[in-house]
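Okay, structure first, notes after.
We did not get these values from a lab; they are worked out from the coordinates using the rules stated. Bear in mind that the values here come from a model prediction, so they are computed numbers and not experimental data. As a convention, Cβ positions derive from the backbone with ideal geometry for all residues, glycine included, and neighbour counts pool all protein chains shown.
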Amino acid sequence: MIRIPTFVILLLGAISFHPLHAEEMIVEIEIPRLNVSEYHRPYVAAWIQGENRKVVSNLTVWYQMKSPQDEVGTKWLPDLRQWWRRSGRSLKLPIDGVTGATRPVGKHKLEFSEKDKQLASLKPGQYTLVVEAAREVGGREMLEIPFTWPAQTATTEKVKGKEELGDVTLTVKP
């Protein structure tokens, strides 16, 4: 009779109950270079909404911050109209792990796993990633990308903004 050490049995049991790959979401937001006389970095909000268009999770909110306790920049957050109406006005800012300073021109990558607080409460179903940008002395733009959670296969969707946003890419991996 072959004796199998207890730790080997426990290890095999742990592996079988925990998937080796966790669901993952990658959001890439491009802030384009604009040819304007007075340039201000845009305020940007990215969130997930359910089929009923209600906010399920705030992924990120970028606004003018000199320090985490500074509330001066919050004055202009209502310019992110859709985000403000659906979620922002009921939040106490700053939100740890969600809010941050505005970003410069370029591509910015956000990575989330199912264990992150932004995705932890996401139930299986149909959702929409929404990215909204507003800029002082500038315009406002909102882009949407529908997706299924959890993904059965890795999928990537891209939409292109016209003014305040460049390419916004969503990759969802099982």
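So here's what we get for this one:
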| quantity | calculated |
| --- | --- |
| Peptides ranked, highest mean first, by Cβ atoms within 10 Å: ranges 140-153, 23-36 | 23-36, 140-153 |
| Cα gyration tensor shape for the range 97-139, rounded if a/c is under 1.5, else prolate or oblate | prolate |
| For the range 33-45, 3J(HN,Hα) per residue [Karplus equation, 6.51 cos²θ - 1.76 cosθ + 1.60, θ = phi - 60°, Hz, x = Gly/Pro] | 7, 10, 8, 10, 6, 10, 9, 10, 5, x, 7, 9, 10 |
| Reach of Lys158 by Cα under 17 Å, taken over aspartates and glutamates that are not fewer than 8 positions away in the same chain | Glu24, Glu28, Glu30, Glu111, Glu132, Glu141, Glu144, Asp167 |
| Karplus 3J(HN,Hα) series, Hz, for the range 128-136 with 6.51 cos²θ - 1.76 cosθ + 1.60 (x for Gly, Pro) | 9, 7, 10, 10, 10, 10, 9, 10, 4 |
| Least to most buried among Asp79, Asp167 (fewest other Cβ within 10 Å first) | Asp167, Asp79 |
| Read-out Cα extents along the principal axes in Å, derived from the coordinates shown; its label in (i) 51, 34, 26; (ii) 48, 46, 30; (iii) 82, 34, 31 | (iii) |
| Counted charge near Trp83, where neighbours are those whose Cβ lies closer than 10 Å (Asp, Glu -1; Lys, Arg +1) | +2 |
| Trypsin sites (Lys or Arg not before Pro) lying in DSSP loop within the range 77-111, provided at most 11 other Cβ fall within 10 Å | Lys92 |
| Ascending count of other beta-carbon atoms within 10 Å, so fewest first, for Trp76, Trp83, Trp47 | Trp76, Trp47, Trp83 |
| Potential lengthening between Val36 and Leu93 on full extension [0.36 nm per residue; Cα-Cα distance subtracted] | 17.5 nm |
| Value at 222 nm in deg cm²/dmol, rounded to 500, when DSSP H runs of n ≥ 4 in the chain each add -39,500 (n - 2.57) | -3000 deg cm²/dmol |
| For Thr99, residues with placed amide H under 5 Å, excluding near neighbours | Val61 |
